[in-house]
Amino acid sequence: MTEWLKAAQSQEKDYLNDLISLMKIPSVRDDDAATDEYPLGPRPAQALKAFLEMADQDGFKTKNIDNLVGYAECGEGDETLAILAHLDVMPAGKGWDTDPFDPVIKDGNLYGRGASDDKGPGMAAYYALKYLKDQGIKFNKRVRFIVGTDEESNWTGMHRYFEVEPAPTLGFSPDAEFPVINGEKGQVSLLLSVLGTNEGDYQLKSFAAGLRFNMVPREAVAEVIVKDRQQVQSDFARFLDNNPVSGTAEETAEGLKLTVIGKAAHGMEPEKGINAGTYLANFLDQYEFKAGAQSFIHFLGKYLHLNTRMDSFDGAFTDPVMGELTMNAGILNFTTAKGGDINMNFRFPKGLTPDDLEAVVKRVADPLGIAVKQGPAQAPHYVDPDDPIVKTLMAAYVHQTGDQNAQPEVVGGGTYGRLMKRGVAFGALMPNTPNTMHQANEFQPVADLIKSMAIYMEAINNLVTD
């Protein structure tokens, strides 16, 4: 244990320098800036190029595939061990105490977008591999450290990799938590739409909440025409006093602009956030909106508010191995011109299918005139706990932490590990460290990152040596 930890500690200065340089690149997918050269926008490609230049200087064989995905390779053998990380990050959003793209270390914690998801953990695994290579370890497998640039959206880069490169034999993704994630729930978004029609004394001119489907909306803003501005403002003040949100009410030329501030969280654990969008809809649902506006508000305010387990749809489901069905209402938009759009993102265990979920939602949506269709789906993924990769990774974690009670876990998050039959997620969030992925003030303790590097060193060494 001490040997690997000392080795990791010896890399801390260089590791942090390289990590911070990558974190300063705001590598958020930007479709508005996409070109043929940069299909996801220039920033994800900039991060990819920066990483590959670093790996090239470190003596790895590197390859950039279409500015979407790349890899650093070392070792040789008939089998390939893949370590799959990602360089893209979620939009920063609001509510930060520091600049999300100017990382700082305070009280031993590294703050900035990507500190926890996934630049910090990814670079810890990369530095572990680099250390082993530099020590002259004789690898019995080819090892590819593969980095995608679209994990937070559609996995465009990693899907491209698996189209043009041989599939790895086994591997892990340092993009979750310790000890080992050997099961990941299935994922699907149901995309709901409704007409932007209004009539009467109460009209919804616009509603906007959410940045990504896999992120609990922190902020929601609605512009409304109302019968009595003063009464609605008074009602809104009482609503804010009685609920765990803040907000403002501003008068506009036509009516009111209402803003609610909640708390962002990762979409795989929506109960840990405070969904500003459903709170705002829940407030508006007391008034006599009509037509499409009423359907949009009522669906959000009654059926999606405080409902991450689908209880209000009579759709709750739990599998004894993979756990509960969860739902995040991640993107909620309405305009009179374009109508209303709702993205319900599900993390579902085995025993359910996307068709099952669509049928449950349609029972409520159809009578309200809300159309429902499925987005792309991923099936549940599970690797037997007795598979050698799970056992080897678990042994390294237990040896480095002393946590004798640790057991493999199933989560609602989706990682690149599921792209391989023998693929799992492995770290780097420690069990007692708060999960700030997809939130403002994202951080990771530096000591945890260095400890994770030691775990990765031992794990990779044991996977690639006789």
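Observations on the structure shown:
- On inspection, Gly323 passes the criterion of being over 24 Å from Arg238 (Cα atoms), surrounded by fewer than 21 Cβ atoms within 10 Å (Cβ to Cβ) and at pLDDT below 95.
For every residue, the table says whether it meets (1) among the aliphatic types (A, V, I, L, M); (2) touching a Cys at 6+ places or on another chain (Cβ under 9 Å); (3) modelled with pLDDT of 95 or more.
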position: Ser246; (1), (2), (3): no, no, yes
position: Ala264; (1), (2), (3): yes, no, no
position: Met268; (1), (2), (3): yes, no, no
position: Gly273; (1), (2), (3): no, no, yes
position: Phe283; (1), (2), (3): no, no, yes
position: Ala293; (1), (2), (3): yes, no, yes
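- Of residues in segment 362-391 being over 25 Å from Lys350 (Cβ atoms) and either in a loop (DSSP other than H, G, I, E, B) or outside the structural domain of Leu352 (by TED's automatic domain parsing) (or both), the one farthest from the chain's Cα centre (by Cα): Gly369
- Total residues in segment 203-221, condition touching a helix residue (DSSP H, G or I) at 6+ places or on another chain (Cβ under 8 Å) and surrounded by 24 or more Cβ atoms within 10 Å (Cβ to Cβ): 8
- The set of residues from segment 184-228 being of a type in the set (Ser, Thr, Tyr) and either within 19 Å of Glu288 (Cβ to Cβ) or over 27 Å from the mean Cα position of the chain (by Cα) (or both) comprises Thr197, Tyr202, Ser206.
- Matching entry among Ala128, Ala176 (being among the aliphatic types (A, V, I, L, M) and closer than 17 Å to Ala8 by Cβ): Ala128
- Of all residues in segment 201-248, those that are in contact (Cβ under 8 Å) with a residue 40 or more places away in the chain, within 30 Å of Gly414 (Cβ to Cβ), of a type outside the set (A, V, I, L, M, F, W, C) and part of a loop (DSSP other than H, G, I, E, B) total 5.
- So Asp31, is it charged (D, E, K, R), assigned by TED's automatic domain parsing to the domain that holds Thr149 and over 20 Å from Ile460 (Cα atoms): yes
- Number of positions in segment 141-158 that are small (Gly, Ala, Ser) and either modelled with pLDDT of 95 or more or buried (at least 22 other Cβ atoms within 10 Å of the Cβ) (or both): 2
- Looking across segment 409-445, the residues that are under 23 Å from Lys6 (Cα atoms), out of contact with any helix residue (DSSP H, G or I) (no Cβ under 6 Å at 6 or more places or on another chain) and surrounded by 19 or more Cβ atoms within 10 Å (Cβ to Cβ) come down to Leu429, Pro445.
- Of all residues in segment 423-462 being modelled with pLDDT under 95 and aliphatic (A, V, I, L, M), the one that is nearest to Glu152 (Cα to Cα): Met437
- Number of residues in segment 123-156 that are closer than 11 Å to Leu449 by Cα and either free of Cβ contacts under 8 Å to residues at least 40 places away in the same chain or touching a Gly at 6+ places or on another chain (Cβ under 9 Å) (or both): the value is 2.
The values are calculated or read from the model by the stated rules, or taken from the named source; none is laboratory data. If you're wondering where the values come from, they're calculated on a predicted model, not measured in any experiment. In this analysis, Cβ positions are derived from the backbone assuming ideal geometry, glycine residues included, and neighbour counts consider all displayed protein chains.
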